[in-house]
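See structure below.
The values are calculated or read from the model by the stated rules, or taken from the named source; none is laboratory data. Please read these numbers as outputs of a predicted model, since none were measured by experiment. Glycine gets a Cβ as well: all are built from the backbone with ideal geometry, and neighbour counts include every protein chain shown.
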Amino acid sequence: MFTKEIYVKRREELKKSVKSGIILLLGNGEAAMNYSGNTYAFRQDSSFIYYVGLDTPDLAYILDIDQNKEYLLGDELTIDDIIWMGNLPSLKERAAGAGIDTVLPFSNLATIIGAGLKSNRTIHYLKPYRYRNQLILSEILGVPCRDAPLGVSTDLTKAIIRMRLIKSAEELAELEDAGRTGYAMHIVAMKMCQPGVSEREIAGTIEGLAISTGNRVSFPTILSMNGQTLHNHDHSGILQAGRLMLCDAGSENLNYYASDFTRTTAVGGEYSERQKNIHNIVLKAMNDSIAMAKPGITYKSVHRNAYRIIFEGLRDLGLVKGETEAALEAGVPALFMPHGLGHALGLDVHDMEDLGETLVGYDEETKRDTLFGYRSLRFGKRLEPGHVLTVEPGIYFVPQLIEKWRAEKTNADFIHFDKLKDYYGFGGIRLEDDIVITPQACRPVYEKRLPVTVEEIEAAVKS
Ligand SMILES: [Mn+2]
């Protein structure tokens, strides 16, 4: 938790931005895994953490803008809670740590919101992503559960996105901390990347590192020889010489900030010519993207430039053909990289995705594309100092997608389908770094860069 002045200042700014009505921020509750007493590790809601800082379950925060009053709603621990789960300072004391003076029992939530609704006040709340909070909203708003998301406040959502998107110095220090652990996780994964080692053993080892220094991993670890499956959570493989291991993993630190790195390592640290060639195209796309990312540039244009590099690199290898601009217009590179170049990173690994990916990543000026590949870019708008983003180009050979395009003759003029058959067992290569936009350009969130060239990765595996 930061100092209370930081939370007070954030809430002041939020109040000024939303202007009138009642703001409601619901914290998360415990989530049952297989029975109610056996829960997933508790994860507080990120916006609640950002404005209130308290990370225990069953809390809510109300800011009545018009009456200039704020409340923390929650119940003090019972003797049973204390016996089983341990004691904590009183809620009143913990609220004071966030600069909030008034604490009310959680049951007052319905009363306060009900009174607000009766006097036709606007209740500003965020889109729920857990059924528990959707149920609470349904009850206190008096609407059917399925309709609770309909009244979500765009004003509140946009105000929070504006604030959370620009990372302050203290947030950057937290992100750097998460990056330090993420770095260590990937170095360990590279060293373990030897024939005969199971994917599960490596994934488990690096997830343990994340838990040993912070809260947990920032998302379920992607670690597989089948890197062509973008979010592959299957770890049942045994590493084989000649294959690649794609590892996309990061940590969530003790203050909830995330890191998210990807490296693709040749098993045993020996790249084939073909693997080197593909790796070097992805690396060029990554390095050029980092060189391009600065204030005033849209990330959409950086994504397009990465697509250009990928298309031209694959053309040099004889896998595609034709004129670059026409290929980019037609979306040809999406066959090999069917995802976006990157996303915002912060308290969430896909920062604020719960609030709406398009609201976070696009605006009036920069609209989301509809074409396959381009449409998967989560963040496209103009970059500003303080934005933290991932840069993660990739090249994948997904046999089913290639066969589909071949059968449907999609972009057939650009693609040497016959030559692609040789790559059906290749997998995929993705490289990912985390950057922060500075007033002039950008820099890595964590100062040390993971081994990234073929030579550096080979050396790391063998070290
Ligand atoms: Mn990512």
Selection within the range 238-260 - of a type in the set (Gly, Ala, Ser) and either surrounded by fewer than 24 Cβ atoms within 10 Å (Cβ to Cβ) or within 12 Å of the ligand (Cβ to nearest atom) (or both): Ala241, Gly242, Ala249, Gly250, Ala258, Ser259
Filter result for Lys419 (away from the ligand (no atom under 16 Å from the Cβ), in the same structural domain as Met292 (by TED's automatic domain parsing) and either touching a helix residue (DSSP H, G or I) at 6+ places or on another chain (Cβ under 7 Å) or free of Cβ contacts under 8 Å to residues at least 40 places away in the same chain (or both)): no
The range 330-347: number of residues that are of a type outside the set (A, V, I, L, M, F, W, C) and more than 14 Å from the ligand (Cβ to nearest atom): 3
Members of the range 289-320 found to be free of Cβ contacts under 8 Å to residues at least 24 places away in the same chain, among the basic types (Lys, Arg) and over 14 Å from Pro333 (Cα atoms), listed by number: none
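For the subset of the range 35-55 comprising residues that are of a type in the set (Gly, Ala, Ser) and in contact with a Phe, Trp or Tyr (Cβ under 8 Å, 6 or more places away or on another chain), which member is nearest to Ile6 (Cα to Cα)? Spell out the reasoning first.
From the range 35-55, those of a type in the set (Gly, Ala, Ser) are 36-37, 41, 46-47, 53; that's our starting set.
Checking which are in contact with a Phe, Trp or Tyr (Cβ under 8 Å, 6 or more places away or on another chain) leaves us with 46, 53.
Details: Ser46: 15, Gly53: 10 Å.
Selected residue: Gly53.
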Test result for Ile402, of a type in the set (A, V, I, L, M), assigned by TED's automatic domain parsing to the domain that holds Tyr183, part of a strand (DSSP E or B) and modelled with pLDDT of 95 or more: no
Val282 being over 19 Å from the mean Cα position of the chain (by Cα), farther than 15 Å from Thr221 by Cα and buried (at least 24 other Cβ atoms within 10 Å of the Cβ): yes
Count - residues of the range 168-196 that are out of contact with any Lys or Arg (no Cβ under 8 Å at 6 or more places or on another chain), under 20 Å from Ala266 (Cβ atoms) and assigned to a helix (DSSP H, G or I): 5
Any hit, the range 77-95, residues being in contact (Cβ under 8 Å) with a residue 60 or more places away in the chain and farther than 13 Å from Ile62 by Cβ: no
Single residue of Leu401, Leu383, Leu431 found to be more than 16 Å from the ligand (Cβ to nearest atom) and touching a strand residue (DSSP E or B) at 6+ places or on another chain (Cβ under 9 Å): Leu383
